[in-house]
Amino acid sequence: MLNPLDRENLKKAFSAAHPFPFVKIENFLHQDAAKEIAAAYPAFDVALADGRTFQSVNEKKKIQITDTAKFPAPIVRLNEVLASPQFLSDLSYITGMPRLLADPELVGGGMHITGPGGRLDVHVDFNYIEERKLHRRLNLLLYLNPVWDESWGGHIQLWDTAIRNCEASFAPTFNRCVIFETNEISYHGVTPISASAPKPRQSFATYYYTREAPAHWDGAAHSTIFKARPDEKFRKFFAMPAEAAHRSLKSGITSAKRVVKSILQKP
């Protein structure tokens, strides 16, 4: 399914990349396999019933299907290949990260389908899965759009630490794969998809972990941290703080309900 990887050149490119280590690989899969996988993606309306839908300030009109039992057969095979010992060995060599582990639960990953008008703000990802003591180390994003016009948006952007300059930007071109290190400065996002785009944006995401902490680990686990782009003043000063306040209030109400329930259940 996978085309042969030029491990030596990819290793050099990964370590030399800015603003953080990454590589872009064209023609990642055999052409026939890529076409079969892309064709297996459900229509946006159909996917609504199978996945988690994001409809917030930071992440909008995106469907995420992580349950492998709901994957069509070609996508099951893709997921198995990306979690195989051989591919993990290649990734470890390219990135210099030993003992990489795939995530059988695909937390945050799997099939991603973003409709016209969708977006994903600039962010750094969660860095630790507490329940399994796993440190998140790599993101792999594979784009599965047989047709994609640049004017439709949906580009992945890699930003500098201060979110002042976009250092790299790639359209979600068919069979293009982007792999990058997950760390405290790996700010990335997706440009808004035009409301006039005739098709949703399709991708497959999978993330890799180690049991050992990375050198930059400071002992603090965190969830996804969103930032506004330089030209997004309203989002920075109004929309994002309002969204954060809403989440905090919702979390507080949920916690309060748990406390009240536990009190009521006491003999």
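Worth a mention:
- Complete set of residues in the stretch 149-180 that are in a loop (DSSP other than H, G, I, E, B) and of a type in the set (Phe, Trp, Tyr): Phe174
- Complete set of residues in the stretch 78-92 that are of a type outside the set (A, V, I, L, M) and either under 21 Å from Ala213 (Cβ atoms) or surrounded by fewer than 16 Cβ atoms within 10 Å (Cβ to Cβ) (or both): Glu80, Ser84, Pro85, Gln86, Ser89, Ser92
- Which numbered condition Phe204 misses (of (1) closer than 22 Å to Arg99 by Cα; (2) modelled with pLDDT of 95 or more; (3) of a type in the set (Phe, Trp, Tyr)): (1)
- Flag if Thr53 is free of Cβ contacts under 8 Å to residues at least 60 places away in the same chain, surrounded by 13 or more Cβ atoms within 10 Å (Cβ to Cβ) and in contact with a Leu (Cβ under 9 Å, 6 or more places away or on another chain): no
- Test result for Thr191, crowded, with 17+ Cβ neighbours inside 10 Å, on the phi < 0 side of the Ramachandran plot, touching a strand residue (DSSP E or B) at 6+ places or on another chain (Cβ under 7 Å) and at pLDDT 95 or above: yes
- Which listed residue, of Arg119, Arg136, is in a strand (DSSP E or B), open to solvent by less than 30 Å² (accessible area, probe 1.4 Å) and among the basic types (Lys, Arg): Arg136
- Subset of the stretch 160-186 (residues that are touching a strand residue (DSSP E or B) at 6+ places or on another chain (Cβ under 7 Å), open to solvent by 20 Å² or more (accessible area, probe 1.4 Å) and of a type in the set (Ser, Thr, Tyr)): Ser169, Thr173
The values are calculated or read from the model by the stated rules, or taken from the named source; none is laboratory data. Quick caveat: nothing in here was measured; it's all calculated off a predicted structure. Because the Cβ atoms are built from the backbone with ideal geometry, glycine has one as well, and the counts that use them run over all protein chains shown. Quick note on the areas: whole protein, heavy atoms, side chains included, nothing else; ligands and nucleic acids left out. Shrake-Rupley method; radii C 1.70, N 1.55, O 1.52, S 1.80 Å.
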